[in-house]
Amino acid sequence: MASTQLLPSPEPEVKGTMGGEQKGWLEQATLALFIVVPLIAVAAIVPVTWGWGLHWRDVVIALFFYLLTGFGITVGFHRYFTHGSFRAKRPLRIALGIMGSLAVEGPLIRWVADHRKHHKYSDQDGDPHSPWAFGDSVGGLTKGLYHAHLGWLFDEEQTPQRQYAPDLLADKDIVTISRHFPTWVAVSTLLPPLIGGLWSWSWQGALSAFFWATLVRIALLHHVTWSINSICHVAGNRPFKSRDRSGNVWWLALLSFGESWHNLHHADPTSARHGVLRGQLDTSARLIWIFEKFGWASHVRWPDSKRLDARRAT
């Protein structure tokens, strides 16, 4: 089993020298398409609902794919592949890689490389998506929030994967999943309307499922994920010591599956649980706990009182 533990701080980065590190125009256009189209879909919710209505079938399909892909990002891409919060048996590792890829947030290895670089330079020069990159004035912070939320996705230069994710590049299963990202995009986009059409046995059911369970679901999950980069580095309380401005935003906790308890995460990045204080719901940690109980996951890095006390802010 390939190790997915967070690597030691990588060597100084040399930009533009790693080969294939520039995004092409086709990728940029595709990225824009998957950001703009779901947003337009969300803006069209009212007239579409007025004309067709929302069937409970669409809610079921959308909720299923939101849970599947959301946990793929939080448990898979983030806590497992990026930070090595636990070890997973091969079938679970492959499943988590595919689930996260269905979220349409980019190829697995690139996602991990970007996030490891974010932790190395968090809210400092070199951070791919810090909202403080343009200063703390009103104008600078407004520009920074846009940059942290989605503007950084259009940066032409990519994070060198061989520098930040060599462990994943050495794993044939993960390389295959990452390389076939366009396939997972097609599956994530077309499977909901296929299910909706077969379920209702109508084109209207297929189109309705495509709107709610594909476009709206992708848009919602994208913006929840990006809000962790932007909002959670500007707002929220900070009960634990970290070298950045990561905070806890409670109203994002349910939609983000516990990722918005962001302060503890940056204080203790490899912890399998982010919501460690009373009342902090962390469904991603609960899923990892279930994996552990079934024997699919092991060596889970659960926080203990000693580790937490050492990180508490005075």
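The table for this structure:
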{"quantity": "Hits in region 305-314 (condition: surrounded by 10 or more Cβ atoms within 10 Å (Cβ to Cβ) and either without any contact (Cβ under 8 Å) to a residue 24 or more places away in the chain or over 17 Å from Asn263 (Cβ atoms) (or both))", "calculated": "Ala310"}
{"quantity": "Test for Arg243: is it over 17 Å from Tyr80 (Cα atoms), surrounded by fewer than 17 Cβ atoms within 10 Å (Cβ to Cβ), modelled with pLDDT under 95 and among the charged types (D, E, K, R)", "calculated": "yes"}
{"quantity": "Matching entry among Thr176, Thr159, Thr142 (being touching a residue at least 12 places away in the same chain (Cβ under 8 Å) and among the β-branched types (Val, Ile, Thr))", "calculated": "Thr159"}
{"quantity": "Filter pass, Gly151 being of a type in the set (Gly, Ala, Ser), under 19 Å from the mean Cα position of the chain (by Cα), more than 25 Å from Leu63 (Cβ to Cβ) and at pLDDT below 90", "calculated": "yes"}
{"quantity": "Test set (1) surrounded by 19 or more Cβ atoms within 10 Å (Cβ to Cβ); (2) farther than 30 Å from His83 by Cα - Trp203 fails condition number", "calculated": "(1)"}
{"quantity": "Criterion (hydroxyl-bearing (Ser, Thr, Tyr) and either over 21 Å from Val112 (Cβ atoms) or more than 16 Å from the chain's Cα centre (by Cα) (or both)) met by exactly one of Ser256, Ser271", "calculated": "Ser271"}
{"quantity": "Counted residues, region 181-205 - those being farther than 13 Å from Ala62 by Cα, in contact (Cβ under 8 Å) with a residue 24 or more places away in the chain and under 21 Å from the mean Cα position of the chain (by Cα)", "calculated": "4"}
{"quantity": "Every residue from region 166-209 that is closer than 14 Å to Gly100 by Cα and not in a helix (DSSP H, G or I)", "calculated": "His180"}
{"quantity": "Among the residues listed as Ser256, Ser271, Ser284, Ser230, the single one being touching a residue at least 12 places away in the same chain (Cβ under 8 Å), assigned to a helix (DSSP H, G or I) and over 25 Å from Asp125 (Cβ atoms)", "calculated": "Ser284"}
{"quantity": "Residue, farthest from Lys172 (Cα to Cα), within region 90-126, restricted to residues that are among the β-branched types (Val, Ile, Thr) and assigned to a helix (DSSP H, G or I)", "calculated": "Val112"}
{"quantity": "Candidate set: region 116-139, residues that are without any contact (Cβ under 8 Å) to a residue 60 or more places away in the chain and of a type in the set (Phe, Trp, Tyr); chosen: the one surrounded by the fewest Cβ atoms within 10 Å (Cβ to Cβ)", "calculated": "Tyr121"}
{"quantity": "Counted residues, region 269-290 - those being touching a Ser or Thr at 6+ places or on another chain (Cβ under 9 Å) and either modelled with pLDDT under 95 or of a type outside the set (A, V, I, L, M) (or both)", "calculated": "8"}
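The values are calculated or read from the model by the stated rules, or taken from the named source; none is laboratory data. This is a predicted model, so every value here is computed, not measured. Cβ sites come from the backbone with ideal geometry, for glycine too, and all protein chains shown count toward neighbours.
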